[in-house]
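The values are calculated or read from the model by the stated rules, or taken from the named source; none is laboratory data. What you are looking at is a predicted structure, and each value in this text was computed from that prediction instead of being measured. Please note: Cβ atoms are built from the backbone with ideal geometry, for glycine as well, and neighbour counts cover all protein chains shown. Heavy atoms of the whole protein, side chains included, go into the accessibility calculation; ligands, DNA and RNA do not. Shrake-Rupley method; radii C 1.70, N 1.55, O 1.52, S 1.80 Å.
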Amino acid sequence: MKPCGKAQGKGIFLINKLSQIKKWSRDSKTSSFVSQSSKEAYVISLYINNPLLIGGKKFDLRLYVLVSTYRPLRCYMYKLGFCRFCTVKYTPSTSELDNMFVHLTNVAIQKHGDDYNHIHGGKWTVSNLRLYLESTRGKEVTNKLFDEIHWIIVQSLKAVAPVMNNDKHCFECYGYDIIIDDKLKPWLIEVNASPSLTSSTANDRILKYNLINDTLNIAVPNGEIPDCKWNKSPPKEVLGNYEVLYDEEMAQSDGSDRDLRSRSGQSTGTKGNRGRDSGKPVLTTWK
């Protein structure tokens, strides 16, 4: 259960019986501390109770995605995402349902734990995670995992594109939260508009400084406000640590829009991969 209007893990709690929701709803209605006008909307989501563990601890991924236009959709993936780890080893025991140090990866929660490390902040880079998975699970399944993560991101953006404001002067950097289960299946937890850019460590501060810089280099080319008709893809040299995740206009003009799922786990040139025949990087496009 998560309140829609809060962040940093505030107000989240876990339940394992429908009767607990009924009791919580009944208690909130009779509580003298909650006015009828201030009641919040909540999201009920399935808890992934078989998360992939590293060192016995649960973690999730924070990935940054820049959208410069929705129609046609053009989005960029930031290569320097990170993993956020819990400070207490994971257990599915119902006796630990209230222990947020076991279940919630939010730094705002974990930094209050006794075992929180203020030097690395309980974080891994996505590149370190990839190396770990390649060494423990193999390169092929690791590539498939990240392909599926990219597919989730593109499809989520396509799902909301029809209702999004498409003002050419607007852009948005989203914070995607992804969790991976022990079968290496990725699950989308949530998408954060205007994600927090505060830093908890020195490396975190450098990452987010570069994120802001690279975002502005794409959104505001040459430091100038773009003309309302400006809709060109920026040159590769200004992308910084971003890479094109999906360009709908290019996909349609090339006639190469294809569903990632049809690949059955085989790479056909997603960003860091190479085409089988040409040996040259090929932009993966999905519909």
Check: Residues that are at pLDDT 75 or above and open to solvent by 70 Å² or more (accessible area, probe 1.4 Å): which helices (runs of 4 or more DSSP H) entirely in the stretch 1-111 hold 2 or more of them?
Finding: 18-30
Note to self: Could you go through the stretch 227-243 and let me know if any residue there is open to solvent by 60 Å² or more (accessible area, probe 1.4 Å) and in contact with a helix residue (DSSP H, G or I) (Cβ under 6 Å, 6 or more places away or on another chain).
What the structure shows: no
Next item on the list: Scan the stretch 199-215 for residues that are in contact with a Cys (Cβ under 6 Å, 6 or more places away or on another chain) and surrounded by fewer than 17 Cβ atoms within 10 Å (Cβ to Cβ) and jot them down.
Entry: none
Margin query: I'd like to verify a number: residues in the stretch 62-114 that are among the charged types (D, E, K, R) and within 13 Å of the chain's Cα centre (by Cα), how many?
Written below: 3
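Each row is one residue, and each column tells you yes or no for (1) more than 22 Å from Y90 (Cβ to Cβ); (2) modelled with pLDDT of 95 or more.
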| site | (1), (2) |
| --- | --- |
| T136 | no, yes |
| W151 | yes, yes |
| V154 | yes, yes |
| A159 | yes, yes |
| N166 | yes, no |
| Y174 | yes, yes |
| I180 | no, yes |
Next item on the list: Answer yes or no: is there a residue in the stretch 125-141 that is within 16 Å of the chain's Cα centre (by Cα) and either farther than 18 Å from F59 by Cβ or of a type in the set (D, E) (or both).
Entry: no
Item checked: Sole exception among (1) open to solvent by 40 Å² or more (accessible area, probe 1.4 Å); (2) at pLDDT 80 or above for D259, by number -> (2)
Next item on the list: With respect to T142, determine if the residue is in contact with a Leu (Cβ under 7 Å, 6 or more places away or on another chain) and polar (S, T, N, Q).
Entry: yes
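If you go through the stretch 161-198, how many residues are under 24 Å from N143 (Cβ atoms), within 11 Å of the chain's Cα centre (by Cα) and open to solvent by less than 60 Å² (accessible area, probe 1.4 Å)?
7
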Next item on the list: Please list, ordered by first then second residue, the pairs with beta carbon atoms under 9 Å, 6 or more apart or interchain, first in the stretch 39-51 and more than 17 Å from P92 (Cα to Cα), second surrounded by 14 or more Cβ atoms within 10 Å (Cβ to Cβ) and small (G, A, S).
Entry: E40/G11; Y42/G11
